[in-house]
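To start, the structure itself, in structure tokens.
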Amino acid sequence: LLFVIVGKNEPLYEYNKVQAADSVTRQNYFVLHSALDLVEKAAYTTTNMYLKVVDKVNHQQVSTFLTAGNVKFMLLHGGKNEDSIKNFFSDVYELYVKLLLNPFYAYDTPITSKAFDTRVRAIARRYLS
């Protein structure tokens, strides 16, 4: 399970639930990176923020949520329930919006808040375990 928030030019936040071998981790990041083009393509075909599964590779799926500011929430998973993934994205989006309201956070910069990380991990345990 790998969750990444991707800004305009770089990843803003990363959460890797399982600490796997280095080659597996690199492959997971490659799968997410290669799915970015499919996300851009899907974004122009729908008005929904939740794009569902945009790519499938090696029994893993990439689900994506696109914010109004074109920030992408990407989740690499092994085929979780659609409702739980949608709820996960919804709760993380609410948390992200609260972060944006913080005057000390600059938009489209890496998220270094420990509180944000702790809450994302709790949301992941609630919906994706």
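At a glance:
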| quantity | calculated |
| --- | --- |
| Amide H partners (placed H, <5 Å) of Asp55, local residues excluded | Val62 |
| Tail beyond 14 Å, pair distance distribution of region 19-58 (Cα, percent) | 52 |
| Which of Ser84, Ser129, Ser63 is most accessible, then next, and so on - probe 1.4 Å | Ser129, Ser84, Ser63 |
| Karplus-derived HN-Hα couplings along region 54-59 (A = 6.51, B = -1.76, C = 1.60, θ = phi - 60°), whole Hz, x at Gly and Pro | 9, 7, 10, 9, 6, 6 |
| Phi to ³J(HN,Hα) by Karplus 6.51 cos²θ - 1.76 cosθ + 1.60 over region 70-87, Hz, x for Gly, Pro | 6, 8, 9, 9, 10, 10, 9, 9, x, x, 7, 5, 4, 5, 5, 5, 5, 5 |
| Per residue, the convex hull volume that the Cα atoms of the chain enclose (Å³) | 106 |
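The values are calculated or read from the model by the stated rules, or taken from the named source; none is laboratory data. Keep in mind it's a predicted model, so treat the numbers as computed, not measured. With ligands, DNA and RNA removed, areas are computed over all heavy atoms of the protein, side chains included. Shrake-Rupley method; radii C 1.70, N 1.55, O 1.52, S 1.80 Å.
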